[in-house]
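Structure first, then comments.
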Amino acid sequence: MRYRNRWMRGWLLMAVVPMLPVPTVIGQEYQLQGDLDMGVVLLREPVSGDRMLAGQAQLQLEHRLYYDWGEAGVRHSATILGSPAGAADAAAFGGGNGVPDEAGAFGLLPGTSEQPLHRLHQASLVLWPSDYLTLQAGRFSLPWGVGVAFHPGDAIHPARTPEGDMPGFDGVAAVWTVSPDLVAAGALRVDTAYGITGQWYRELRWAGQISGYWRELEVAAGVVYQPGVLMRSSLGMSLPTGGLVLHVEAAGELIGQEQVGTTDDNELLDGSSAGFGFGLPDLVGQRPGWAGAAGGSWSGYAGSHAVTAVTEYLYLSAPPAGFGQHGLYGQIVWEFDRRLSAEQSLLADLEGRNMLLLSTVTLGRWDALELQIGSVAAVDSLLPVVSDNWQLEALRLSARVYF
């Protein structure tokens, strides 16, 4: 029933939202863009370990309405996973072998559903009372911290990905641009109080951040507070040196209670077999302790070739269940003439010696169409080439049309 209600609300929103701005579009600027992604997915069912074959279609839409005093935006997607292949087909793909639960502990692997799944990523109203002040309300995301994949001080978002495609938090925010080199932001997250009948105000989450530049050095200091749940303070720095950008961030959790799990619903962390993205939970969680992340990114160009490499290390003094004290993220992207690209990403639990490998190759020789093949593999060793337990979790062939 939950999925059916979600499906009805999702498709109703997709049908209604594009029509809402119609009376005002004449005097304003309205933009609609998106893409339709269609493909075939071979994946492992998380519970039984059987292989399943499914057709998938994902529609992503972004609506923007611009005014002189601000803007309104909605970004949402609808994903349809077809019925899994029959048992005979699953057996033909080697189903039933089973794999360890390390990958599931990351919360990265998708399940399957015969019902369409709608996800509202962003839906917010932005106001510009002055040139220095920006107000925002609804569901949105804020640039919090300096990390790429690991954000020790970020307890305001439910989950984040390097691609930034996870749903934001529900609430309000104000951003004050003091000067070109100094910005202050304050936010109030309210979705943590959903479903609470008594003392709901204690479930609200308050956050503040100040970021600025001293010459080329960027410094960001923040704090996130929820009464009796967390008191997270953080400090991050980022420094570009030629083509290399180095960053470091540390956070301390002062009043968290000893609890297992994360501060946010794992339902947001189901990943996506369309893009093979992943969303990491609040890894510091509701536990006293501290965490630190450090890494760097580098970009190089040679004629029509472009290469970008990213690496990031995470240390947790009090890791959540399913994740060790040491984590590692890495990514390398090669692009040729903006028509052909290959991407390899990894997420590793160094203490548990488990790793997820996400690979994609994209061909985009046409302006509005690209073809892609992607895979997700779970490995029980930090040396994949010598591992005897390499498990292909998902393989996908797709075509994406932009409009």
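The values are calculated or read from the model by the stated rules, or taken from the named source; none is laboratory data. Note that the coordinates shown come from a computational prediction; the quantities given were computed from them, not determined experimentally. A quick note on method: Cβ atoms are made from the backbone with ideal geometry, for glycine too, and the neighbour counts reach across all protein chains shown. Just so you know, the surface numbers come from the protein's heavy atoms only, side chains and all, with ligands and any DNA or RNA stripped out. Shrake-Rupley method; radii C 1.70, N 1.55, O 1.52, S 1.80 Å.
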Checklist line | When residues of segment 264-300 are limited to those that are modelled with pLDDT under 70 and hydroxyl-bearing (Ser, Thr, Tyr), the one surrounded by the most Cβ atoms within 10 Å (Cβ to Cβ) | finding: SER273
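Okay, residues lined up against (1) in contact (Cβ under 8 Å) with a residue 40 or more places away in the chain; (2) under 20 Å from the mean Cα position of the chain (by Cα); (3) open to solvent by 70 Å² or more (accessible area, probe 1.4 Å); (4) closer than 30 Å to ARG119 by Cα:
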{"site": "ASP154", "(1), (2), (3), (4)": "yes, yes, no, yes"}
{"site": "GLY164", "(1), (2), (3), (4)": "no, yes, no, yes"}
{"site": "THR197", "(1), (2), (3), (4)": "no, no, yes, yes"}
{"site": "GLU203", "(1), (2), (3), (4)": "no, no, no, yes"}
{"site": "GLY212", "(1), (2), (3), (4)": "no, no, no, no"}
{"site": "VAL219", "(1), (2), (3), (4)": "no, no, no, no"}
{"site": "VAL224", "(1), (2), (3), (4)": "yes, yes, no, yes"}
{"site": "MET231", "(1), (2), (3), (4)": "no, no, no, yes"}
Item checked: Criterion violated by ASP282 - all others in (1) in a strand (DSSP E or B); (2) under 20 Å from HIS157 (Cα atoms); (3) not basic (Lys, Arg) satisfied -> (1)
Notebook entry, point to check: Among the numbered criteria (1) open to solvent by 60 Å² or more (accessible area, probe 1.4 Å); (2) assigned by the TED database to the domain that holds GLU253, which single criterion is violated by LEU314?
Noted result: (1)
Check: Residue check: is TRP176 under 27 Å from GLY256 (Cα atoms), open to solvent by 40 Å² or more (accessible area, probe 1.4 Å), modelled with pLDDT of 95 or more and part of a strand (DSSP E or B)?
Finding: no
Notebook entry, point to check: Out of (1) surrounded by 18 or more Cβ atoms within 10 Å (Cβ to Cβ); (2) part of a strand (DSSP E or B), the odd one out for GLY352 is which?
Noted result: (2)
Check: Residues of segment 301-311 being surrounded by fewer than 18 Cβ atoms within 10 Å (Cβ to Cβ) and in a strand (DSSP E or B), which ones?
Finding: TYR301, ALA302, HIS305, ALA306, VAL307, THR308, ALA309, THR311
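Select from segment 366-386 the residues that are modelled with pLDDT of 80 or more and charged (D, E, K, R) and list them in ascending order.
Restricting attention to segment 366-386, the residues satisfying the condition of being modelled with pLDDT of 80 or more are 366-379.
Result: ASP367, GLU370.
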Item checked: Residues being open to solvent by 40 Å² or more (accessible area, probe 1.4 Å) and either assigned to a strand (DSSP E or B) or at pLDDT 90 or above (or both) - total across segment 326-337 -> 6
